[in-house]
Amino acid sequence: MLEKVDLTKKLRKREYKARMPRLRDRLYDLQKACWDADVPSVILFEGWDAAGKGTSINRLTQRLDPRGFKLYAIQAPRTYETHMPWLWRFWLKLPNYGEMGIYDRSWYGRVLVERVESFTAEEKWRKAYRDIVNFERTIADDGYVVIKFFLHISKEEQQRRFKKLEKDPLESWHVQPEDWEHHRKYDEYVLAIEEMLERTDTEWGPWTIVEATDRRWTRVKIFETIIRRLEEALEGRGLPLPAEWHDEELEGELQTEMDAQREEG
């Protein structure tokens, strides 16, 4: 599955600069529309270490109204949380109606790092697939829009990024010994990721695999996916979409750039 993903996809700087302002404005308008209509959304990010989850979330939230979303960086469960059903702590982190819940990693850690690193017994992580599907089905039936991203990069690209981060005194803290250990187990993680994608990709909670080698491509695909899903959710409820703003001059520049790129290709 993952070996078929085209990791060479990229976006030119000029096209990126042309698209992003409109995408940010559109997402802001949709956030307001969902707030007014009490449509909640769950937006989760999974992916390889150094694939760009944090920077993508940073770009995503820069222009959102901070009153309308909650951001969670998911870590290992605390001691008291281990004495509760394993999804309990995630139920507590669901956004209110009309809000966005944004997750830097999520409940999928049970079938990824906990599986590969043997933090959880096989019987439990295998049962987790069913738990996750039921959890997402329940909140989707209650009106939540479930948007799931997996940011994918190659083993070679991950190594390159690790080394680059380690050379930067201000960024080196991002790379810990366990990150290199996960890197050495890249193939084992591929098996876990592919099974996760296969068993938890559903009508109500589909996965979007993001080709994350090029950061500009990554950000645009994330924005466009969220915008499309929120528009579908509003239309599915018979609610009006916020009017789109068009800049004919900007659109002309973008079309010229795209035409030039096709000619070169």
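Taking the range 215-239 as the search range and keeping residues that are over 15 Å from the mean Cα position of the chain (by Cα) and either touching a residue at least 12 places away in the same chain (Cβ under 8 Å) or assigned to a helix (DSSP H, G or I) (or both), which one is surrounded by the most Cβ atoms within 10 Å (Cβ to Cβ)?
Ala233
Residue under question is Leu2, and the condition is that it be touching a helix residue (DSSP H, G or I) at 6+ places or on another chain (Cβ under 9 Å), at pLDDT below 95 and either of a type outside the set (Gly, Ala, Ser) or more than 29 Å from Tyr189 (Cβ to Cβ) (or both); does it hold?
Numbers: touching a helix residue (DSSP H, G or I) at 6+ places or on another chain (Cβ under 9 Å): yes; at pLDDT below 95: yes; either of a type outside the set (Gly, Ala, Ser) or more than 29 Å from Tyr189 (Cβ to Cβ) (or both): yes.
When the stated conditions are applied, Leu2 passes them.
Looking at the range 5-60 only, could you name the residues that are over 30 Å from Tyr189 (Cα atoms) and β-branched (Val, Ile, Thr)?
Once the filter is applied, which keeps residues that are over 30 Å from Tyr189 (Cα atoms) and β-branched (Val, Ile, Thr), the range 5-60 yields only Val39.
Would you confirm, using the coordinates I've provided, whether Thr138 is farther than 25 Å from Lys221 by Cβ and not in a loop (DSSP other than H, G, I, E, B)? So that I can check it myself, show each step before the final result.
Details: farther than 25 Å from Lys221 by Cβ: yes; not in a loop (DSSP other than H, G, I, E, B): yes.
It is true that Thr138 is farther than 25 Å from Lys221 by Cβ and not in a loop (DSSP other than H, G, I, E, B).
Kindly establish whether Ile147 is surrounded by 15 or more Cβ atoms within 10 Å (Cβ to Cβ), modelled with pLDDT of 95 or more, part of a helix (DSSP H, G or I) and of a type outside the set (S, T, N, Q).
So Ile147 fails the test.
Out of all the residues in the range 200-211, which are in contact with a Lys or Arg (Cβ under 9 Å, 6 or more places away or on another chain) and touching a residue at least 12 places away in the same chain (Cβ under 8 Å)?
Residues satisfying the conditions are Thr200, Thr202, Trp204, Gly205, Pro206, Trp207, Thr208, Val210, Glu211.
I want to confirm something. Restricting to the range 203-214 and keeping residues that are hydrophobic (A, V, I, L, M, F, W, C) and part of a loop (DSSP other than H, G, I, E, B), which single residue is surrounded by the fewest Cβ atoms within 10 Å (Cβ to Cβ)?
Just the residues of the range 203-214 that are hydrophobic (A, V, I, L, M, F, W, C), to begin with: 204, 207, 209-210, 212.
Among the residues that remain, those that are also part of a loop (DSSP other than H, G, I, E, B) are: 204, 212.
On the way: Trp204: 14, Ala212: 28.
Once the filter is applied, the top-ranked residue is Trp204.
So, in the range 69-111, of the ones that are within 26 Å of Phe223 (Cα to Cα) and among the polar types (S, T, N, Q), which residue ends up surrounded by the fewest Cβ atoms within 10 Å (Cβ to Cβ)?
This residue is Gln75.
The values are calculated or read from the model by the stated rules, or taken from the named source; none is laboratory data. Model, not experiment: these values are computed from the prediction. For neighbour counting, all protein chains shown are included, and Cβ atoms are generated from backbone atoms with ideal geometry for every residue, glycine included.
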